[in-house]
Amino acid sequence: MRFYKYLVVAVVIALLAALWIQYHPPIDTSPASVTATPIDLSHYENAKLTDALNCSPDGKGNDLAALPTGRQVMANVPFDISGIAQVTGLRIQSWGRHEYPAKITDISINKRCRRLFILHGAGGVGDPEGKTIAKLVLHYEDKSTRIIEIKIGDHVRDWWGDPKEPMLNKGSELGWKGRNAAIRNGAPGQYLRLYRSTFANPKRNLTITTIDYVSTFKASSSFLVGLTVD
């Protein structure tokens, strides 16, 4: 009888482990392959690189104009960079910026992949590390969905700060640093920071049809400048 109890426990543990791997697949941190496909985000962008970001409406020079555009390789991953897809947050709304949506939906993918890469940032960060500030909702050909959470400290930090500040998740690292007029005048020792994050596709055997980029309405406001599937 004791043997069967141990057998049942072993089977339950194996099933739980399989479910964990299905919903939390391990991250492959190797460089993007030659077949990695940058996604064109131009139809989903709601801000230009020259627009004042994450500040009051009269903010001057707080932009990403220094970010190179077109096909760019950031932290060993190619991205197609043309503008900004920004979702809202509580702090940016407190600054009087209400033009950004709660979510950007139906980003067309129509590919199978094992990994997704994003080049992204966040403004007005006042949330603790580990707090989910945005989500990627993956829609598959069989009508199922999976959610990837974007967390402070794990995947992104405030776009103003020290570029040497470490990340908590091995799949994320600094993708680009630069400066603008606002940071040179207000915080000359700091840099603009964008992060490259790698996520495993939970259902790699199915085609991802579309992705939604969704705010969780925390203090921080998340923005996306690049998305690549591999």
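Of all residues in the stretch 174-193 being of a type in the set (A, V, I, L, M, F, W, C) and under 21 Å from residue 60 (Cβ atoms), which is nearest to the chain's Cα centre (by Cα)?
Initial filter on the stretch 174-193 (of a type in the set (A, V, I, L, M, F, W, C)): 174, 176, 181-183, 187, 192.
With the extra rule that they be under 21 Å from residue 60 (Cβ atoms), the set shrinks to 181-183, 187, 192.
On the way: 181: 25, 182: 24, 183: 23, 187: 25, 192: 16 Å.
Looking at the filtered set, the residue picked out is 192.
Among the residues of the stretch 74-98, those that are exposed (fewer than 13 other Cβ atoms within 10 Å of the Cβ) and out of contact with any Ser or Thr (no Cβ under 7 Å at 6 or more places or on another chain) comprise 94, 98.
Each residue in the stretch 201-230 was checked for being part of a strand (DSSP E or B) and either surrounded by fewer than 18 Cβ atoms within 10 Å (Cβ to Cβ) or touching an Asp or Glu at 6+ places or on another chain (Cβ under 6 Å) (or both), and 3 of them qualify. Mind checking whether some residue in the stretch 67-86 is part of a loop (DSSP other than H, G, I, E, B) and farther than 30 Å from residue 207 by Cα? The answer is yes; a qualifying residue exists. For the stretch 76-99, the count of residues that are of a type in the set (S, T, N, Q), without any contact (Cβ under 8 Å) to a residue 40 or more places away in the chain and touching a strand residue (DSSP E or B) at 6+ places or on another chain (Cβ under 9 Å) is nonzero. All but one of (1) without any contact (Cβ under 8 Å) to a residue 40 or more places away in the chain; (2) more than 14 Å from the chain's Cα centre (by Cα) hold for residue 126; state the number of the condition that does not hold. Against the list (1) without any contact (Cβ under 8 Å) to a residue 40 or more places away in the chain; (2) more than 14 Å from the chain's Cα centre (by Cα), residue 126 comes up short only on (1).
Of the residues that make up the stretch 154-171, is at least one closer than 15 Å to residue 194 by Cβ, outside any loop (DSSP other than H, G, I, E, B) and in contact with a helix residue (DSSP H, G or I) (Cβ under 8 Å, 6 or more places away or on another chain)? Yes, the stretch 154-171 has at least one match. The set of residues in the stretch 31-57 being in contact with an Asp or Glu (Cβ under 8 Å, 6 or more places away or on another chain) and modelled with pLDDT under 85 consists of 32, 33. Could you tell me whether any residue of the stretch 14-30 is in contact with a Phe, Trp or Tyr (Cβ under 8 Å, 6 or more places away or on another chain), among the small types (Gly, Ala, Ser), assigned to a loop (DSSP other than H, G, I, E, B) and at pLDDT below 95? Checked the stretch 14-30: no residue is in contact with a Phe, Trp or Tyr (Cβ under 8 Å, 6 or more places away or on another chain), among the small types (Gly, Ala, Ser), assigned to a loop (DSSP other than H, G, I, E, B) and at pLDDT below 95.
Got a sec? Which of 143, 135, 151, 164 is of a type outside the set (S, T, N, Q), surrounded by 18 or more Cβ atoms within 10 Å (Cβ to Cβ) and free of Cβ contacts under 8 Å to residues at least 60 places away in the same chain?
Numbers: 143 fails: surrounded by 18 or more Cβ atoms within 10 Å (Cβ to Cβ); 135 fails: free of Cβ contacts under 8 Å to residues at least 60 places away in the same chain; 164 fails: surrounded by 18 or more Cβ atoms within 10 Å (Cβ to Cβ).
Going through 143, 135, 151, 164 in turn, just one is of a type outside the set (S, T, N, Q), surrounded by 18 or more Cβ atoms within 10 Å (Cβ to Cβ) and free of Cβ contacts under 8 Å to residues at least 60 places away in the same chain: 151.
Mind listing whichever residues of the stretch 127-142 are more than 23 Å from residue 91 (Cβ to Cβ), assigned to a loop (DSSP other than H, G, I, E, B) and touching a strand residue (DSSP E or B) at 6+ places or on another chain (Cβ under 9 Å)? Answer for the stretch 127-142, where residues must be more than 23 Å from residue 91 (Cβ to Cβ), assigned to a loop (DSSP other than H, G, I, E, B) and touching a strand residue (DSSP E or B) at 6+ places or on another chain (Cβ under 9 Å): just 141. Of note, residue 107 satisfies the criterion of being more than 15 Å from residue 217 (Cα to Cα), among the β-branched types (Val, Ile, Thr) and either buried (at least 21 other Cβ atoms within 10 Å of the Cβ) or touching a Gly at 6+ places or on another chain (Cβ under 8 Å) (or both). In this structure, is residue 96 touching a Gly at 6+ places or on another chain (Cβ under 7 Å) and in a loop (DSSP other than H, G, I, E, B)? No. Return the pair list, or none, for Cβ contacts closer than 7 Å from residues in the stretch 58-73 that are under 18 Å from residue 118 (Cβ atoms) and at pLDDT 95 or above to residues that are assigned to a strand (DSSP E or B) and aromatic (Phe, Trp, Tyr), at least 6 apart or on different chains. Cβ pairs passing all conditions: 67/176; 72/79.
The values are calculated or read from the model by the stated rules, or taken from the named source; none is laboratory data. Just so it is clear, the model here is predicted, and its values are computed rather than measured. With ideal geometry, Cβ positions are generated from the backbone for all residues, glycine too; neighbour counts draw on all protein chains shown.
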